[in-house]
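The values are calculated or read from the model by the stated rules, or taken from the named source; none is laboratory data. Source: prediction; values computed, not measured. Cβ coordinates were reconstructed from backbone atoms using ideal geometry, including for glycine residues, and neighbour counts include every protein chain displayed. These area figures cover heavy atoms from the full protein model, side chains too; ligands, DNA and RNA do not enter into them. Shrake-Rupley method; radii C 1.70, N 1.55, O 1.52, S 1.80 Å.
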Amino acid sequence: MLNESVEKLSTQLQITPSLAKVLLHETRWNTAEVIERYRNNASNLLVSARIKAAAPSVPPPPAQLPVPSTSSAVVVTNPGATCSFIASVPGCSASSAIPGTSSNTSSISSSSSSISGSGKTHQPIGSTSTTTTVTVAACCYRTQLCPVCVTVQSTDKFHALSCQHSFCRDCWAMHFEIQIGQGISTQIECMEQRCDVRVPEDLVLTLLNRPMLRDKYQQFTFADYVKSHPELRFCPGPNCQTIIRSQDISPKKAVCRMCKTAFCFRCGTDYHAPTDCQIIRKWLTKCADDSETANYISAHTKDCPKCHICIEKNGGCNHMQCFNCKHDFCWMCLGDWKAHGSEYYECSRYKENPNIAHESVHAQAREALKKYLHYYERWENHSKSLQLEQQTLDRMRTRINEKVMKGLGTWIDWQHLFDAATLLAKCRYTLQYTYPYAYYMESRKELFEYQQAQLEAEIENLSWKVERAETTDRGELENQMDIAEKRRTTLLKDFFPTEA
């Protein structure tokens, strides 16, 4: 796919594939945009892509190699060129041109130029009545000073970019090795200070001698090209190099066929409906900064509100039953579970302090932390519940396998239990991501919190039945599954319409 785009652009604009890659990478592989901008003003496009310098930059004149003064060798300076060269007077060839100058011959005026040697004055070489022209085979004698390693070398060992900053081959190669070692590939720049012209891929591959470095460079460039393409994503699964393509660039759920990892295609993180990509990024950043404070304040165990014995949660359901006094209560608010059905809306809802604007700065900070902890505890609680319910599913699978081996039904007879556990995980995952959404939410918050509470209540009922699935009536379990799924899809359609 990438090669097709490069070949298409290279053919249409008659440019090299290396240049086409840079232009496509800069415009996020928008071929039409590149063609339009190139035809309107190619120079501006090349400057914005950092292929060409914004203003012409002329390098300083290269250093002249000192030559002993003898009668047979003299230094001739061409006033119209940017460098000096050494010319040997006796037996010089008049058939070779000097590369790198504006013309292949250097003109010397007979009225103002003469060559001095051994205290004598000679007529200009190849003199005529008016103008003298001399062509000297001097390419093998031209030298230049590398500003990095400060050594004088032959000019054929130097390479320059479009900015005309020239450095020796060894310094370029060392620069490339350091940049690649830091994971930089498509953003390798000129070594000159304050020059951001990109180094073309062809030059990098030409000067890299070690095959391992070349392979690493090509891997990095390919990864950069994939990351810059809006329709492509690397699977975020561990040790998975699968590339997933989608022409619909939206925050939808993508599942890798190889490792089964599910993620949001737009941002590449875990799927987070109904929270959008920008909000979940802010929330995860805040959790990374404040989670230690939350862990410090929020204990991992709670006391039974009736007998006050310390209780540790060992299941995903928030409907708790004290093993000591058998009291049923809510893990989140510690309220009586019998009266909890009508109060679930109050349990999941955060109650703002109406007078907080008139409180001191410290009071406002405490209130802000209290609000964050309210949502963070519920976010983290559902995350842990997902893990605990997975353990419940594993235990259920073991018990059902034992029943099947004893002839107490087949796997098909028990399949509805696995369907219920799968739906429970799906619903709880959605519920977990409603809390970052509610934390940053400003409008329609009451409706959202109402639907959130309804979903949470049905999820806890389903979780209670799944944990006791082997003794629960199948019809009752399937009815609860249907109710929970309808609550989930209703919330997503109202607040995250791209997918249910």
So, with points 7 Å from each Cα along the Cβ direction, the N44-C267 label distance in nm works out to 3.5
Of the listed pairs K216/K426; K338/K403; K252/K486; K227/K426, those with alpha carbons more than 31 Å apart are K216/K426; K338/K403
If the chain between W411 and K326 were fully extended at 0.36 nm per residue, the gain over the current Cα-Cα distance would be 27.2 nm
Any aspartates and glutamates whose Cα falls less than 16 Å from that of K302, other than same-chain ones fewer than 8 residues away, would be E312, D328, D336, E377, E380
Stretched fully, the stretch from A365 through N461 gains (0.36 nm per residue minus C-alpha distance, one decimal, in nm) 30.9 nm
Those chymotrypsin sites (Phe, Trp or Tyr not before Pro) from the range 358-438 that are DSSP loop and have at most 12 other Cβ neighbours within 10 Å turn out to be W411
SASA check, M320, accessible area w/ 1.4 Å probe, all protein chains in place, rounded to nearest 10 Å², comes out at 20
Rounded to the nearest 0.05, FRET efficiency between M441 and K252 (Cβ-Cβ, R0 22 Å) equals 0.55
Computed over the range 1-49, protein heavy atoms only, probe 1.4 angstrom, the accessible area per residue in square angstrom equals 55
Working note, the range 359-477: Cα radius of gyration (Å, one decimal) and Dmax (Å, whole number) are 19.0, 69
